Amino acid sequence: MEYLAALDLQHRVVAARQAGRVPDVLLLVEHDPVITLGRRGDPANILAPAEVLAQLGIAVHRVERGGDVTYHGPGQLVGYPIVSLSEHGLGAADFMHRLEDVLMAALGDLGLESGRRPGIIGVWLGQGKVAALGVRIERGVTYHGFALNVSTNLEHFRLIVPCGLRDGEVTSIERALGRPVEWAEVARAVRRRFAEGFGVELQDLTLAELERGLA
């Protein structure tokens, strides 16, 4: 899904969640190549000139999430949890750590041992960051979320300083396992662990079904 289309969908689901018209929603998508800057992100962390990004077909958007600069593209599982924090008794920090737990459990299902770094939001496989997280909370409802590298083109991360961190590398599930991995397999693992981690029952919906629920 094109990034701005997904952002518009998030805004509409957030409004419906705030109004109590829908339950918690987890959107799982894959994006065309795009670089996004959080609301306080430093443009200097985009290393490539605009003309190079244009030649590569990589769009750039500043958005309202926390965090700095990140890249989304094919082979990456992007998750947008639209969750009412009060219904789960969670604060913002608790929610972020719960998301990290979900992703680490899903990686464990794939045979990978992952972890955190003290004071830095995200998930690492050894020295390589495999998942970036950044959210926005409005009227108690979360949106934006996480990006988990499955088979992502890691060369594109050289165009930025990922999350503003200059002392780390970026990795993917495929690189860590040394074999091809299906995006859908990772999506199923994340979906299952999200349902367990947040104690919810998720009903699978197509985009058309979700749109009807928002009408």
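Being part of a helix (DSSP H, G or I), crowded, with 16+ Cβ neighbours inside 10 Å, out of contact with any strand residue (DSSP E or B) (no Cβ under 8 Å at 6 or more places or on another chain) and modelled with pLDDT of 90 or more is the requirement here; does residue 193 meet it?
yes
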### Message
With the requirement that a residue be under 21 Å from residue 58 (Cα atoms) and hydroxyl-bearing (Ser, Thr, Tyr), what does the range 152-208 give you?
### Response
152, 171, 172
### Task
Being in contact (Cβ under 8 Å) with a residue 60 or more places away in the chain and of a type outside the set (Asp, Glu) is the filter; apply it to the range 100-127 and report the residue that is surrounded by the fewest Cβ atoms within 10 Å (Cβ to Cβ).
111
### Task
Give me the pairs, please: first residue somewhere in the range 37-56 and among the charged types (D, E, K, R), second residue anywhere and surrounded by 11 or more Cβ atoms within 10 Å (Cβ to Cβ) and modelled with pLDDT under 95, beta-carbon distance under 6 Å, and either six or more positions apart or on two chains.
39/64
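Please work out if residue 130 is assigned to a strand (DSSP E or B), buried (at least 22 other Cβ atoms within 10 Å of the Cβ) and touching a strand residue (DSSP E or B) at 6+ places or on another chain (Cβ under 6 Å).
Working: assigned to a strand (DSSP E or B): yes; buried (at least 22 other Cβ atoms within 10 Å of the Cβ): yes; touching a strand residue (DSSP E or B) at 6+ places or on another chain (Cβ under 6 Å): yes.
In short, yes.
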### Task
State whether one or more residues within the range 91-108 are over 17 Å from residue 145 (Cα atoms) and assigned to a loop (DSSP other than H, G, I, E, B).
no
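The values are calculated or read from the model by the stated rules, or taken from the named source; none is laboratory data. Bear in mind that the values here come from a model prediction, so they are computed numbers and not experimental data. Cβ sites come from the backbone with ideal geometry, for glycine too, and all protein chains shown count toward neighbours.
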